[in-house]
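Everything on this sheet refers to the single structure shown next.
The values are calculated or read from the model by the stated rules, or taken from the named source; none is laboratory data. None of the values given here were measured: they were computed from a predicted structure. Note: ideal-geometry Cβ built from the backbone for every residue, glycine included; neighbour counts use all protein chains shown. Each accessible area value is taken on the protein alone, full model and side chains, heavy atoms only, with ligands, DNA and RNA left out. Shrake-Rupley method; radii C 1.70, N 1.55, O 1.52, S 1.80 Å.
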Amino acid sequence: MLIIHQLLVDAIVRQARTDHPMETCGVVAGPAGSGTPTRLFAMDNAAKSESYFQFGPHQQLKAWREMERNGEEPIVIYHSHTSSNAYPSRADIQYASEPNAHYLIISTDSRYGPSLRCFRICNGRSVEERMKVVSAYRDDAFNRLIDVGAPAAVASV
Amino acid sequence: MQIAVTIPTILRPLTGDQKQVTAHGRTLAELIDNLEQFYPGIKKRLVAEGKAHSFVNIYVNDDDVRFADNLDTTLRDGDNVTILPAVAGG
């Protein structure tokens, strides 16, 4: 089950709405091994597409290096579907490459959304999992780490 | 020529869970052949149709090799190679 802070979800929804009808994308990092998402890296969709997303390689490298420096790992990888429901596409399953991450999909298609669903994707299979949005994490240390900005990711590369 | 190679989580089962390994090669192609000797199975995850596989990003220092000479990218002593999963989907 994914437990995620409301502020992070709000920021993801805002980003998805802003980017609509293009797909939005990003990653939420958290302390390695904690399973708790705390820091949002909003990414540019390098594919600039309504049906596809791709992290820009330079922006991704910066974000991953920053996580490494901070002892973080990707906890949530998110993207939007702008003309279908929030369910993994074939490409989503093919490209899923962080076996430990929660894959969050938000639909900004007015027929389905806004809706958010969460999946584990591993070895070519996706399994939906429960998601709980909370106004505070039980461990206050994680609440202090919440960061919805994207210092490295939005810097020009 | 000794090159430090950073391995992403998804490929660590092939490197005995090592996050960073060292390998040799004058070009990225040679480096990957060298990695394959020690970590069999890694090459097919990194290379497809003679180019960097679309499922991964391979960087020499800060540069994505797709925007350089791909597998022919030249390596120098002390270079760092970073492999990241390409994050993409539909």
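Quick rundown of the values:
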read-out	value
Solvent-accessible area buried by B and A, counting both chains, probe 1.4 angstrom, square angstrom	1900
Cβ-defined net charge surrounding A:Cys25, 9 Å radius [Lys, Arg +1; Asp, Glu -1]	-3
Candidates A:Ala136, A:Ala91, A:Ala46: whichever shows maximal mean-square fluctuation once chain A is modelled as a Gaussian network with Cα springs under 10 Å	A:Ala91
Share, in percent, of DSSP beta bridges within the protein assembly as shown that are antiparallel, nearest 5	75
Global geometry of segment B:2-85, whether rounded, prolate or oblate, following the gyration tensor of its Cα atoms and the 1.5 cut on a/c	rounded
Prolate/oblate/rounded label for segment A:2-144 (Cα gyration tensor, a/c 1.5)	rounded
Probe 1.4 Å, accessible area per residue of segment A:19-157, Å²	47
Threshold 10 Å², segment A:15-57 residues less accessible with all protein chains present than alone (1.4 Å probe)	A:Ser51, A:Tyr52, A:Phe53, A:Gln54, A:Phe55, A:Pro57
Within segment A:2-144: Cβ-based charge dipole about Cα centre, in debye rounded to nearest 20 (Lys, Arg +1; Asp, Glu -1)	140
Heavy atoms of B:His53: accessible area, 1.4 Å probe, square angstrom to 10	40
Hz values of 3J(HN,Hα) by residue in segment A:54-65 - Karplus curve (6.51, -1.76, 1.60), Gly and Pro given as x	7, 5, x, x, 6, 5, 5, 4, 4, 5, 5, 5
Local electrostatic count at B:Leu75 - Lys and Arg +1, Asp and Glu -1, tallied over other residues with Cβ under 10 Å	-1
Sparse-neighbour loop sites [GluC sites (Glu not before Pro); segment A:1-104; at most 16 other C-beta within 10 Å; DSSP]	A:Glu50
Within the accessible area of chain A (1.4 Å probe), percent carbon and sulfur	49
Solvent-accessible area of A:Asp92 with every protein chain in place, 1.4 Å probe, in Å² to the nearest 10	10
Virtual spin-label span in nm between A:Ser83 and B:Thr22, 7 Å along Cα→Cβ	5.3
Neighbour net charge for A:Asp92 - beta-carbon separation under 14 angstrom, K R +1, D E -1	+1
The protein assembly as shown, helix-only ellipticity at 222 nm - DSSP H runs n ≥ 4, -39,500 (n - 2.57), divided by all residues, nearest 500	-6000 deg cm²/dmol
Backbone N under 11 Å from the A:Met1 label point (7 Å along Cα→Cβ), restricted to segment A:117-133	A:130-133
